[in-house]
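Single-structure report; data block below.
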Amino acid sequence: MDVRTAEPCPAGQHLAELLARPGPYRIRWLRQVARATPDRVNQAAVARVLAQWLWLNGEAPESETLPRALRDRVSRALGGRQLSAGTLRLFAAAFALSERDEADLWALLDEDRTARP
């Protein structure tokens, strides 16, 4: 069996760092936390932020299951395993990322795409 270790996605890792830092991004997901876990980004809370943005902007029908459906996507992105352009756009919009932070993430994502075979 061929077992490959996936290289981490620098853009996803940087996104996780941005959300973990004290400031507006962290505050946005902290407001959605059901159970606080110190020093860790709560992925369920992040998924709720994304779901709320999708609902408020008419991008998805209101459903209690949407945050749960987004959790794998959030986990892959923040775990540094996979961050697609669509997922980056969603995070940028839902968290109102600054132009600088968004540009840095796009640059890292572009570097990652050109570095992978």
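Segment 86-102 and segment 1-78 have their alpha-carbon centroids 12 Å apart. Counting only alpha carbon atoms, the long axis of helix 43-56 and the longest principal axis of the chain meet at about 70°.
Convex hull volume of the Cα atoms of the chain, normalised per residue: 129 Å³. Report summary: the helix-based calculation at 222 nm, which adds -39500 (n - 2.57) for every DSSP H run with n ≥ 4 and divides by the residues of the chain, gives -19000 deg cm²/dmol. By the count of other C-beta atoms within 10 Å, a proxy for reagent exposure, 74, 33 are ordered fewest to most as 33, 74. Between helix 10-20 and the chain there is an angle of about 30 degrees, using the helix long axis and the longest principal axis of the Cα atoms. For the chain, what's the relative contact order in percent, using C-alpha pairs closer than 8 Å and at least 6 residues apart? Computed value for the chain: 36 percent relative contact order. Taking 44, 77, 93 as the candidate residues, the one with maximal mean-square fluctuation in a Gaussian network model of the chain, Cα springs under 10 Å, is 93.
Against the chain, whose longest principal axis is taken from its Cα atoms, helix 99-115 shows a tilt of about 40°.
The GluC sites (Glu not before Pro) of segment 1-75 that meet both conditions, a loop assignment by DSSP and at most 15 other Cβ atoms within 10 Å of the site Cβ, are 59, 62, 64.
Net length available on complete extension from residue 26 to residue 93 is 22.7 nm, with 0.36 nm assigned per residue and the Cα-Cα distance removed.
Every number in this text was worked out from the coordinates using simple rules, so none of it is lab data. Owing to the predicted nature of the structure, the values given are computational and were not obtained by experimental measurement. All Cβ positions, glycine included, derive from the backbone under ideal geometry; neighbour counts span all protein chains shown.
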